[in-house]
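Asker: So that we are looking at the same thing, I have put the structure below in structure tokens.
Quick note: the coordinates plus some simple rules give every number you see, no bench work behind them. Values in this document were obtained by computation on a predicted structure and should not be read as measured data. Every residue, glycine among them, receives a Cβ derived from its backbone with ideal geometry; neighbour counts consider all protein chains shown.
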Amino acid sequence: MKRWMQYVKPYMKYFILGPLCMIVEVLGEVLMPKLYSLIVKRAEENLVAETGDIWFVIGMAASMILVAVLMMLGGVGGAYFGAKASVNFGSDLRLDVYKKVQKFSFANIDKFRTGSLITRLTNDVTQLQNFVNMLLRMFLRTPGMLIGAVIMTVTISPKLALVLAISIPLLSALLFVVMKVGFPRFGAMQGKMDALNNTVGENFTNIRVVKSFVREDYEKEKFAAANDDLRSSAMRAMNIMILTQPVMMLVMNLTTLAVVWFGGNMVLGDTLPYSDFNALLTYINQILMSLMMVTMLFMNASRAAASAKRIGEVLDETPDINDDSAAHKDISVQHGAIEFKNVHFRYYKNSPDCVLKNINLNIRAGETLGVIGGTGSGKSTLVSLIPRLYDTDSGEVLIDGVNVRDYSLHALREGIGMVLQKNLLFSGTVAENLRWGDEDASLEDMRAAADSAQADIFIQGFSDGYEHEIERGGANVSGGQKQRLCIARALLKKPKILILDDSTSAVDTATEAKIREAFATTLKDSTKIIIAQRITSVMDADRILVLDDGKIAGLGTHADLMQSCAEYQEIYSLQMENKGVSANG
Ligand SMILES: Nc1ncnc2c1ncn2[C@@H]1O[C@H](COP(=O)(O)OP(=O)(O)O)[C@@H](O)[C@H]1O
Ligand SMILES: [Mg+2]
């Protein structure tokens, strides 16, 4: 509760004004039938006495108009303040959830999955926001109407009020059942929405792959399945609502029938004035209406509670990679010497096999280390431990002799330029994309970095050069161009450690060689780790690391490894004998 209060506090005045306005409306609603019955009563008396009393009627009519105007003002004010309060509540909450997700590590995101995070951020927050709105408009109004109408009924005819003693408990019991059954079903429904969003998200981000493999039909089926799942779980949840309405109507109609029956007899027997009977019917109706609204409120509450729980899970998740206990928050990466000490790592903490097994490795500052090995041998995993995209399970990773966990995350990542295997550009101009590496980079800085990455050549070829618009994900540049832009972006950071994870796979060998030559001058003192599939990409590195199934199979110069490392020899002979296979553009 405390959690949600922090989103209420800044808008307290709307949260108070809204319900207050609704009280004005409800007072009017309760008063109206009474005023009406007073006129009717007077008319009855006058009929008996046969004297006209027009001024009384006019006076009463005027008060009724006044009450109606006040009711309208209250209604409008209530809706206005209610909307203001709930929309602000929702947008603040959404922002906080978003900020929280930004702090998540890769492992945190793996745990929730992107689709689910999107549902929680959008749909779940909206559910909660709608509920807050409804609550503000109903929570004083409904009980107010209920209590007011019950009081009126009892004062008019305590005998007839007895009918309510049966129907109100009956309806309350119904309410309880609705809550009990509804909550888990709404939770399940939101879960299915996650699954759907996961499917949609994956398909839309990879739409080009889907099309090129002509997998639209398969994807359609996958979507249809997720959609069917959502439909049936939504129906299960909705069934409760659908069933509740007619049952409540039945109880309400029976109650009205009983009041008409008993009340009618009382009027005929002259124990109840007709005017009172008339007002009574209106009050009974109000009581039943407000019970109906309470039901709706509760049904929405069970839906909102399911959403609140899901939002809470995101807000409660501790980003498992943080620098709260870092011992040297003030230092930055100085030289870029890297050491792996007895490092073990696995993605799923319950899986028996480690992805990295007892890695011991020393990389000197300024060294160029090539990394080679089959797919799935753990190359990407190994380098992701350096900027703490993941943390080791045991053992430690040190930079310049300091555990990476002891740097502030900002300083650590500031010192490392990394081009991920699955690299991405954002929508925006070339320059905007490059400035991810350095916000204040001048055009000269950008050109220098792009030149080293062999990107300046083709950027100049765009009619608008560095102002050329890149589409989302870099869809309108070729694979090799995208890789070169990503390298330029990393170079702009002037990192002490540069990591290229298979980042030149789509660049031709001649251009790739030029990029490597440029590193030798522009990044002379930085440590360079270059993961590659092609042996030619790493052959002239200072040393080459050969990974095999999460273990170090060899480490040394090309000449060393050709002598001593069987795995390396195998890769070499495979690639050199089938040159055509490894070269691509
Ligand atoms: N995010 C992840 N979650 C779970 N398993 C992963 C993840 N990334 C990689 N793996 C697994 O870890 C192993 C090593 O992967 P990776 O380091 O990407 O290999 P490489 O880069 O050498 O091809 C593989 O078996 C892969 O399936
Ligand atoms: Mg990889």
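Asker: With each pseudo-label sitting 7 Å past Cα toward Cβ, what's the residue 228-residue 257 distance in nm, one decimal?
Answerer: According to this spin-label approximation, the distance is 4.3 nm.
Asker: Sticking with this structure for a sec: Determine which lysines satisfy two conditions relative to residue 34: a Cα distance under 20 Å, and not lying fewer than 8 residues away in the same chain.
Answerer: Here the lysines satisfying the reach criterion relative to residue 34 are 159.
Asker: Which aspartates and glutamates, if any, have their Cα less than 13 Å from the Cα of residue 192, not counting same-chain residues under 8 positions apart?
Answerer: By straight Cα distance, residue 192 reaches 124, 228, 229.
Asker: Ratio of alpha-carbon Rg to the 2.2 N^0.38 Å globular estimate for the stretch 2-316, to two decimals, please.
Answerer: So the Cα radius of gyration is 1.33 times the expected 2.2 N^0.38 Å.
Asker: May I ask you to give the average projected area over all directions of the convex hull of the Cα atoms of the stretch 423-494, in nm² rounded to one decimal?
Answerer: Spelled out: convex hull of the Cα atoms, projected over all directions, averaged, 3.9 nm².
Asker: Say a site is exposed when it is one of the trypsin sites (Lys or Arg not before Pro), sits in a DSSP loop, and has at most 10 other Cβ atoms within 10 Å; what is then the longest site-free stretch of the chain?
Answerer: 1-348
Asker: Calculate log10 I(q)/I(0) of the stretch 172-307 for q = 0.09, 0.19, 0.22 Å⁻¹, where I(q) comes from the Debye formula with a single equal point scatterer on each Cα and nothing for solvent.
Answerer: Log10 I(q)/I(0), no solvent term: -0.49, -1.01, -1.17.
Asker: Please give me the summed charge of the neighbours of residue 116: other residues whose Cβ is under 9 Å from its Cβ, Lys and Arg +1, Asp and Glu -1.
Answerer: Summing Lys and Arg as +1 and Asp and Glu as -1 gives +2.
Asker: Could you work out the relative contact order of the chain, using alpha carbon pairs under 8 angstrom and six or more residues apart, expressed as a whole percent?
Answerer: Relative contact order here is 14 percent.
Asker: State the Kirkwood hydrodynamic radius of the chain in Å, one decimal place, computed from all pairs of distinct Cα atoms.
Answerer: Kirkwood hydrodynamic radius for the chain: 30.0 Å.
Asker: Could you list 105, 232, 377, 503 in order of exposure, starting from the residue whose Cβ has the fewest other Cβ atoms within 10 Å?
Answerer: 232, 105, 377, 503
Asker: Counting helices only, and only those DSSP H runs with n ≥ 4, report the 222 nm mean residue ellipticity of the chain as the sum of -39,500 (n - 2.57) divided by its residues, in deg cm²/dmol to the nearest 500.
Answerer: So the calculated ellipticity at 222 nm is -21500 deg cm²/dmol.
Asker: Can I get the semi-axes of the stretch 481-562's equivalent ellipsoid? Compute them from the C-alpha gyration tensor as square roots of 5 times the eigenvalues, in angstrom, largest first.
Answerer: Listed largest to smallest, the semi-axes of the stretch 481-562 are 22, 14, 13 Å.
Asker: What are the lysines whose alpha-carbon lies under 21 Å from the alpha-carbon of residue 379, with same-chain residues fewer than 8 places away excluded?
Answerer: 341, 349, 357, 422, 496, 528, 551
Asker: Hey, another quick one. Less than 14 Å Cβ to Cβ from residue 311, Lys/Arg counted +1 and Asp/Glu -1: what total charge do the surrounding residues give?
Answerer: Cβ neighbours under 14 Å give a net charge of +1.
Asker: Could you put 196, 485, 20 in order, starting from the residue whose Cβ has the fewest other Cβ atoms within 10 Å?
Answerer: In increasing order of surrounding Cβ atoms, one gets 20, 196, 485.
Asker: Could you work out the local net charge near residue 548, counting Lys and Arg as +1, Asp and Glu as -1, over the other residues with Cβ closer than 13 Å to its Cβ?
Answerer: 0
Asker: Also: Between the stretch 115-169 and the stretch 407-428, what's the alpha-carbon centroid distance in Å?
Answerer: Using only Cα atoms to place each centre, the spacing works out to 51 Å.
Asker: Now a separate question. Over the Cα atoms of the stretch 367-434, Rg to Rh with Kirkwood Rh, two decimal places?
Answerer: 1.02
Asker: Output the antiparallel fraction of DSSP beta bridges having both residues in the chain, as a percent to the nearest 5.
Answerer: 55 percent
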